[in-house]
Amino acid sequence: PVQERHRVGIHRIPVCLRHGKRRQIHGKGLPMKRTATASEKRHMARIAGMGCIVCELCFDAPGTLAQVHHVRVKHGWGRSGHKNSIPLCMEHHTGNTGIHLLGRELFASLYGYSELELLAIVNERLS
């Protein structure tokens, strides 16, 4: 049995009455977020340790303190897997000139790189 339970925010998600957890049931609703494995945590730590990729490529400022941004291209709403991540500083991640405020298209036109192009550069440097 599924019940619509209101979550903080604007989204309504199905909640399993038996387990009390949000889960994808019969193709409806959002899947539960998966906790990162030890390998994925190490990978994300390496990514964050690289410094902001936008600061380095566009402003010649390597080593800026970075957060991990999960690339969402071709994944619709929500984030992709933990391995598909790029390092962005707070400004380029959630700030006034960040991808979350500007959106994918404006971010790409402003900095000259799409999320997929930045992901390819990051993956090339990690290998």
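Any read-out appearing in this document is the output of simple, stated calculations on the displayed coordinates, not a laboratory observation. These numbers come from a predicted model, not from an experiment. Glycine also receives a Cβ, built like all others from the backbone with ideal geometry; neighbour counts cover every protein chain displayed.
Each peptide in 108-121, 37-50 was scored by the mean count of other Cβ atoms within 10 Å over its residues; highest first, the order is 108-121, 37-50. Amide H contacts for HIS69 (H built 1.01 Å from N in the peptide plane; partners 5 or more residues away or on another chain; cut-off under 5 Å): ILE86, LEU88. The local environment of ALA48, defined by Cβ-Cβ distances under 12 Å, has a net charge of +3 under the rule Lys, Arg +1 and Asp, Glu -1.
Note down the net charge around HIS92, summing +1 for each Lys or Arg and -1 for each Asp or Glu among other residues with Cβ under 14 Å from its Cβ. Net charge in that neighbourhood comes out at -2. Karplus-derived 3J(HN,Hα) values for segment 36-44, using 6.51 cos²θ - 1.76 cosθ + 1.60 with θ = phi - 60°, are 5, 6, 4, 5, 5, 5, 5, 4, 5 Hz; glycine and proline are entered as x.
Taken about its Cα centre, segment 78-124 carries a charge dipole of roughly 180 debye when the Cβ of each Lys and Arg holds +1 and the Cβ of each Asp and Glu holds -1.
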